[in-house]
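J.: So that we are looking at the same thing, I have put the structure below in structure tokens.
The values are calculated or read from the model by the stated rules, or taken from the named source; none is laboratory data. Source: prediction; values computed, not measured. Here the Cβ is made from the backbone with ideal geometry for all residues, glycine too, and neighbour counts use every protein chain on show. Ligands, DNA and RNA are excluded from the accessible area calculation, which covers all protein heavy atoms including side chains. Shrake-Rupley method; radii C 1.70, N 1.55, O 1.52, S 1.80 Å.
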Amino acid sequence: MTVSIGVTGATGRMGGEVLAAAADRDDLSVAFAVSRSPGDEVEGVAVEDAADFADLLASNQPDAVVDFTGPASCIEYASACAAAGVAFVTGTTGLSEGGFDALREAASEVPVLYASNFSRGIAALRRAVREAVPALDGYDIELTETHHNAKRDAPSGTALTLLDDIDEARSSVRQTQSDDIDEVRGDSERVHGREGEASRSEGEVGVHARRAGDIAGEHEVLLAGNHESLSLTHRAGSRGVFAAGALDAAAWLADRDAGWYDFTEVLE
Ligand SMILES: NC(=O)C1=CN([C@@H]2O[C@H](COP(=O)(O)OP(=O)(O)OC[C@H]3O[C@@H](n4cnc5c(N)ncnc54)[C@H](O)[C@@H]3O)[C@@H](O)[C@H]2O)C=CC1
Ligand SMILES: O=C(O)C1=N[C@H](C(=O)O)C[C@H](O)C1
């Protein structure tokens with residue numbers, strides 16, 4: 001069965017990668033593509049006006065929409081998909097808590113899959129982090145992400161996911177050490193950059209965002225203590241890895257029931 005997709009943000013960096021990757025696959029076809037700046041073709045696909053998105057959903061009835069845009073548009077597209085009964089895959093980062101609530105609301109009507117990073121390498125890095133943090137309990141942790149100079153949000157969505165993974169792994173260690181629920185709860189203090197009198201406090205996680213050139217995406221989790229350090233690093237060589245993962249997610253999600261899904265489920 002061929003899964004048909006609608007693509008948003010078609011004239012953006014990721015939109016173009018998604019259209020290029022889709023052209024190389026025979027399990028997927030592109031029903032339509034939209035952008036705020038329509039007119040040109042991207043990868044041989046006519047780019048239509050984002051304002052016509054709801055009409056395009058109704059007339060093309062794609063199996064899924066793949067979205068890499070911005071937080072406000074991501075939410076609009078998700079609710080239009082919820083109204084039209086179309087599965088929604090998004091990698092858009094920088095969403096607020098309210099934005100995630102809106103996505104979860106859409107997930108009560110249609111299948112929704114959000115991933116801050118669609119590369120398999122980051123999925124493996126997350127597993128490594130969840131293993132390393134308890135194994136190196138008490139070590140200092142610093143997280144550094146590096147991206148191209150046009151990225152809008154900081155820290156990256158992937159960095160925020162890794163920070164949540166670190167907190168989860170730390171609270172699972174505390175759970176084995178204490179029966180007191182108040183001691184078990186609590187996220188690490190996140191310290192963004194350092195300047196002046198800024199010595200480390202115990203348990204904090206330093207977070208550093210660098211922006212330069214056309215770097216597709218790098219994430220490093222550094223754990224140091226006890227006269228040793230462990231650096232876990234992922235580098236995306238091109239945006240193609242993200243596009244491939246998002247298309248795998250769309251193919252997987254298309255015939256699921258309404259609900260909230262995770263990229264790790266696609267990889268199982
Ligand atoms: N989850 C993942 O694996 C990845 C996520 N991303 C995220 O994807 C998003 C987009 O990244 P890029 O493609 O680099 O950005 P970009 O700025 O190159 O492209 C975004 C596109 O969306 C369009 N857009 C924004 N609002 C729109 C609207 N209301 N209607 C129609 N089009 C709209 C923009 O005009 C632009 O063409 C960012 O949030 C980024 O962090 C990027 C790479 C991988
Ligand atoms: O904006 C990008 O480029 C990327 N954004 C995602 C993020 O914020 O984590 C994923 C990837 O690192 C590229």
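J.: Specify the angular offset, from 0 to 90 degrees and rounded to the nearest 10, of the alpha carbon long axis of helix 157-177 from the longest principal axis of the alpha carbons in the chain.
T.: Its long axis makes an angle of about 40 degrees.
J.: Using a 1.4 Å probe over the heavy atoms of the protein chains, calculate the carbon and sulfur portion of the accessible area of the chain as a whole percent.
T.: Values: 5710 of 13120 Å².
Carbon and sulfur together cover 44 percent of it.
J.: May I ask you to compute the full-extension gain from residue 46 to residue 120, defined as 0.36 nm times their residue separation minus their alpha-carbon distance, rounded to one decimal in nm?
T.: Values: separation 74, 0.36 × 74 = 26.64 nm, distance 3.00 nm.
Here the answer is 23.6 nm.
J.: As a test of reading the structure, rank 165, 248, 52 by solvent-accessible area (1.4 Å probe, protein chains only), most first.
T.: Values: 165 5, 248 40, 52 70 Å².
Reading off the accessible areas and sorting them downward yields 52, 248, 165.
J.: Rounded to the nearest 10 degrees, what's the angle between the helix 97-106 long axis and the longest principal axis of the chain, both from Cα atoms, 0 to 90?
T.: 40 degrees
J.: Further question on the same structure: Provide the solvent-accessible area of residue 170, counting protein heavy atoms only and rolling a 1.4 Å probe, rounded to the nearest 10 Å².
T.: 40 Å²
J.: Still on this structure, please answer the following. Restricting to DSSP loop positions (anything but H, G, I, E, B) with no more than 16 other Cβ atoms inside 10 Å of their own Cβ, which trypsin sites (Lys or Arg not before Pro) remain in region 176-268? Mind showing how you got there, number by number?
T.: On the way: sites: 185, 190, 194, 200, 210, 211, 235, 239, 256; in loops: 185, 194, 200, 239, 256.
Sites meeting the loop and neighbour criteria: 185, 194, 200, 256.
J.: Choose one of 71, 38, 96: the residue whose Cα lies farthest towards the positive end of the charge dipole of the chain (beta-carbon charges +1 Lys, Arg; -1 Asp, Glu; about the Cα centre).
T.: 38
J.: Let me ask another. Among 128, 60, 148, which residue has its Cα furthest toward the positive end of the charge dipole of the chain, with +1 on Lys/Arg Cβ and -1 on Asp/Glu Cβ?
T.: 148
J.: With a 1.4 Å probe and all protein chains in place, put 101, 40 in order of accessible area, largest first. Present the calculation step by step, with values, prior to reporting the outcome.
T.: On the way: 101 95, 40 115 Å².
Sorted descending by solvent-accessible area, the residues read 40, 101.
J.: To continue, here is another question. So how tilted is helix 71-84 from the main axis of the chain? Cα-based, degrees 0 to 90, rounded to 10.
T.: 50 degrees
J.: Compute and list, largest first, the equivalent-ellipsoid semi-axes of the chain from the alpha carbon gyration tensor, each √(5λ) rounded to a whole angstrom. Intermediate results must be reported in sequence, preceding the final value.
T.: Values: eigenvalues 263, 80, 53 Å².
Semi-axes (√(5λ), whole Å): 36, 20, 16.
J.: Oh, and also: Calculate the length of the line joining the C-alpha centroid of region 193-243 to that of region 106-151, in whole Å.
T.: Using only Cα atoms, the two centres lie 12 Å from each other.
J.: Next up: Ignoring ligands and nucleic acids, what accessible area does residue 158 show with a 1.4 Å probe (Å², nearest 10)?
T.: 10 Å²
J.: Label-point separation (nm) for residue 37 and residue 175, each offset 7 Å from Cα along Cα-to-Cβ?
T.: 4.8 nm
J.: Given axes a ≥ b ≥ c from the Cα gyration tensor, I'd like to know whether region 120-236 is rounded (a/c under 1.5), prolate (a/b larger than b/c) or oblate.
T.: In terms of gyration-tensor shape, prolate.
J.: Additional query: Evaluate E = 1/(1 + (r/R0)^6) for residue 131 and residue 255, where r is the Cβ-Cβ distance and R0 equals 45 Å; express this FRET efficiency to the nearest 0.05.
T.: Taking R0 as 45 Å, the efficiency between residue 131 and residue 255 is 0.85.
J.: For a quick check of understanding: with a 1.4 angstrom probe and all protein chains in place, what accessible area in square angstrom does residue 92 have, to the nearest ten?
T.: Its accessible surface works out to 10 Å², give or take rounding.
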